[in-house]
1. State all residues of segment 844-876 that are open to solvent by less than 30 Å² (accessible area, probe 1.4 Å), of a type in the set (G, A, S) and at pLDDT below 70; if no residue qualifies, say none.
2. Does S262 count as closer than 30 Å to L345 by Cβ and in contact (Cβ under 8 Å) with a residue 24 or more places away in the chain?
3. Can you tell me which residues in segment 815-838 are modelled with pLDDT of 75 or more, open to solvent by less than 90 Å² (accessible area, probe 1.4 Å) and not aliphatic (A, V, I, L, M)?
4. Please specify each residue of segment 233-264 satisfying the condition of being surrounded by fewer than 20 Cβ atoms within 10 Å (Cβ to Cβ) and touching a strand residue (DSSP E or B) at 6+ places or on another chain (Cβ under 9 Å).
5. Among the listed residues Q444, Q417, identify the single one that is out of contact with any Asp or Glu (no Cβ under 8 Å at 6 or more places or on another chain), modelled with pLDDT of 75 or more and surrounded by fewer than 17 Cβ atoms within 10 Å (Cβ to Cβ).
6. How many of the residues making up segment 997-1017 are open to solvent by 50 Å² or more (accessible area, probe 1.4 Å) and closer than 18 Å to G980 by Cβ?
7. Please name all residue pairs, on different chains or six or more residues apart, with Cβ atoms under 9 Å, provided the first residue is in segment 980-1005 and is farther than 18 Å from A943 by Cβ and the second residue is of a type in the set (D, E).
8. Which of the residues spanning segment 743-756 are within 31 Å of the chain's Cα centre (by Cα) and open to solvent by 40 Å² or more (accessible area, probe 1.4 Å)?
Amino acid sequence: TVIKSLHFTSLLILSDLSRTSVFYPKAKPSYLIDKNLESAVKFIVRKFPAIETRNNNQQLAQLQKEKSEILKNLALYYFTFPQSVDLMSFFFSTMKTVNFDLTKNYLDLVVTYTNLMMLLSRIEERKAIIGLYNYAHEMTHGSSDREYPRLGQMIVDYENPLKKMMEEFVPHGKSLQDALVSLQMVYPRRNLSADQWRNAQLLSLISAPSTMLNPAQSDTMPCEYLSLDTMEKWIVFGFILCHAALNSDPAALSLWKLALQSSSCLCLFRDEVFHIHKSAEDLFVNIRGYNKRVNDIRECKESALGSMHRERRKFLRSALKELATVLADQPGLLGPKALFVFMALSFARDEIIWLLRHADNIQKKSTDDFIDKHIAELIFYMEELRAHVRKYGPVMQRYYVQYLSGFDAVVLNELVQNLSVCPEDESIIMSSFVNTMTSLSVKQGSEPLFVSKASLGLADHRELGKMMNTIIFHTKMVDSLVEMLVETSDLSIFCFYSRAFEKMFQQCLELPSQSRYSISFPLLCTHFMSCTHELCPEEVSHTDLESAQKAPKGNRSLSLCNMFLDEMAKQARNLITDICTEQCTLSDQLLPKHCAKTISQAVNKKSKKQTGKKGEPEREKPGVESMRKNRLLVTNLDKLHTALSELCFSINYVPNMMVWEHTFTPREYLTSHLEIRFTNVRAYMTVLQSIENYVQIDITRVFNNVLLQQTQHLDSHGEPTITSLYTNWYLETLLRQVSNGHIAYFPAMKAFVNLPTENELTFNAEEYSDISEMRSLSELLGPYGMKFLSESLMWHISSQVAELKKLVVDNVEVLTQMRTSFDKPDHMAALFKRLTCAVLKRMTIIGVILSFRSLAQEALRDVSCYPDVAMNVYELSSAAGLPCEIDPALVVALSSQNPEEEYKIACLLMVFVAVSMPTLASNVMSQYSPAIEGHCNNIHCLAKAINQIAAALFTIHKGSIEDRLKEFLALASSSLLKIGQETDKTTTRNRESVYLLLDMIVQESPFLTMDLLESCFPYVLLRNAYHAVYKQSVSSS
């Protein structure tokens, strides 16, 4: 048994090696094309396998000089051939040990062995390689290599490999036939038409909603996702080798015909294919009594059309779309329906590879069966399913760990207990297996499961065999998700069909409805890592095996991925340019010259003059394209926008992808091409400047006028500019939502951030107000544009101040008494009840606007945009973004208001704000958050509003800013100290958070100091307040 196991292990290793590029017919050593060795190579091939070194010094003279290098460089190629001989000898010694458990591996080995022998026969230089190496060996060591005699004989014997192997397999025909006939319940079920799939609701999770949570089960779990292409290789090559079964067994003949009707060629290795019908007919036509089989082959060849595969791909596109959509919404279904996912991937992979192989190798392409412009969509849904499995792998693992321990272990234990006869060794193994599964946990699920080999005859215990198959699938869901993805959905074969790959990509971009799936082609490049082999590591750096391309596989993958992403970005850039052109055309329709004809017609109609020809169509007026009478009628601009949105979806589908340890970011490609397009704008400007050589005009002035107009409110035609549009958006959209309580200013982040509300906003405020965005805004608008933005903000502030002054006038008597009675608590409480309206909401709005302006000014200072205008020091500093103790723009905005007793109203306004501050403590939203360094209702903005409004008002009226702020601080401190004595928890719920406003006001003010605050408000209260809000924040989080 040990010897058999070693033989089988050796076979697996050799069959793995046979899948490497060493056996690739297109891999040609450099010495075979060396002009200096050309005569020696021809001589060796002519005499092969004989060795004649005497009397041939002239032909072998150059060989004598380079024998050392030849031995060194041809060793890899030469010693591959003895390994194939070893594979052959080991293969026939191991075939006697095959049993039911090894059926799949056995058939794989038969196909691998057949492929290997056929590939060796296709290496045109095989005699030259072996002979050249052996001659160099004899010249160096004085004798031939010990492997040479049997290698030479093998090369001669296997000139026609299939014919030779048909003879060799005669003793093993029965065992091979039994293995192949076992597919009669699997292959026909997999090789159904699309209509049969559709009628059976294959792969649908929603066709039976009541069973959606039931785990997908099958008696033959591994066969459900077994590659159709693999089974066809087994059947075709297997029945060629044991062809006698076709005449004696109807089941074998049925499988053979079904496989011949499904495909016209099979893959031997990468892009090397085997043409089934021609090769089989050439073999059988010379065998006596096989006329019927030859006729069968010819009939199947005629009926082997691609229409069935075309309809399958059409069905799979809709089925995979439905599956991916449902799993994206309910990823928990990946657990019970994992089998459906891998079945879908396997089915789609088989159809894609079939199309790729046949489109590149079938000569008769009169039909559309071998051209599929929608193949990108199918690949895209495959990538979506792969992404779901990778993303939610832990969910699947957790599900199947619990399934193994909670269900499979129980059922298996019952089956083992019910076995009538169970040898002691197998009983121990099965019991150990059950115990291991029962004790599984989610943590252990990340560790591989190992099961000892048992010799229990599963053929006698079918239920046990079915259960073991199911358990094996479930353990793969825990341990081998990545390997399962490779097994069922690997498309690395595209690496060897570069032209077809690029053609499919171009077809995808040309079809607007498919451009959204174009990202699937760069994603396919991530599969190319799978086309290398661990037994042949030199493949990674090996030169391309196609003569037209000399790049390593890794470089080929990188170049393809780069080309795909670059073309997608170019296409998006061109669409953007076309849209701009269309918009310019529509804009030109509004030029005054186009209205002359309309005016002329109106004048003639009034004077009743008949002008123009009868039946002349009336000229369409600008804007008529927006008057839609039918949704099916679309304009060219509509088509461009649709195409751009589809392509941008693809570019934005993944943030980045890894190909051979290189990271590709699709969005950066688009950014790069847009930058290039702007560079072209500069070139366009350079061309315009050349006009100065022919006409005495100042083109620079034209540029400056056009660009400078965008920094003003309106351009020369009275149309809104970029500055106007951005200013309106920030005032009417962003800041209005702040006033409505949907957005808050976070000082810690220096940005406005959306608050969680019932009605979600359509935009993310942080994306438009953080420091980087404000810097970009400053660069875009320039100092003049930012000055206009600042003036617009100040206009809104002056409106709020005007309303505040009206409130003060309405309450002037009460406020006058409160200003002088702050040391009388009872009297102050009675007076406060007489105040008719709250003032703090408007002050908070002013603070929010000033906070936004502060961000804009800071951004303007960072980009260092200084206007070239004549201003005083304060105005110049403000225009450059530098902070000032007294805001000159605010002073200008407020100085236009000249009601009577302005100074007194300003003083009473500060009193009004100070005495109203205790009301904030009862507001739920007034809680201070250390994480944002502010309050969610923006009352922290009061600090900036109070200081700047006071500074501006008392500068206008030439009052003492410092004295008035001291008075404010005294009133505010007195009012806030009173709420410390309140016992009502509702009115004092956020008392500590409101206390902190005093500290913020002093920190913000250039006129107040902490010493002054300490004299009015004990610092211990502030310290305790900070401690309380931080403690509350920790406990709530």
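1. Hits for segment 844-876: nothing passes.
2. Numbers: closer than 30 Å to L345 by Cβ: yes; in contact (Cβ under 8 Å) with a residue 24 or more places away in the chain: yes.
Yes, satisfied.
3. Scanning segment 815-838 gives T816, Q817, R819, S821, H827, F832.
4. To start, the set of residues in segment 233-264 that are surrounded by fewer than 20 Cβ atoms within 10 Å (Cβ to Cβ) comprises 244, 247-251, 253-254, 257-258, 261.
The answer is none; no residue qualifies.
5. Q417
6. Step one: filter segment 997-1017 for residues open to solvent by 50 Å² or more (accessible area, probe 1.4 Å), giving 1003-1004, 1006, 1009-1011, 1014-1015.
Next cut, closer than 18 Å to G980 by Cβ only: 1014-1015.
Total meeting the criteria: 2.
7. Once the first residue is farther than 18 Å from A943 by Cβ and sits in segment 980-1005, its partners that are of a type in the set (D, E) give T988/E982.
8. At the first step, the residues of segment 743-756 found to be within 31 Å of the chain's Cα centre (by Cα) are 743, 749-756.
Once the filter is applied, which keeps residues that are within 31 Å of the chain's Cα centre (by Cα) and open to solvent by 40 Å² or more (accessible area, probe 1.4 Å), segment 743-756 yields M749, K750, N754, P756.
The values are calculated or read from the model by the stated rules, or taken from the named source; none is laboratory data. The structure displayed is predicted, hence computed values, not measured ones. Note that each Cβ is placed from the backbone with ideal geometry, even for glycine, and that neighbours are counted across all protein chains shown. Ligands, DNA and RNA are excluded from the accessible area calculation, which covers all protein heavy atoms including side chains. Shrake-Rupley method; radii C 1.70, N 1.55, O 1.52, S 1.80 Å.
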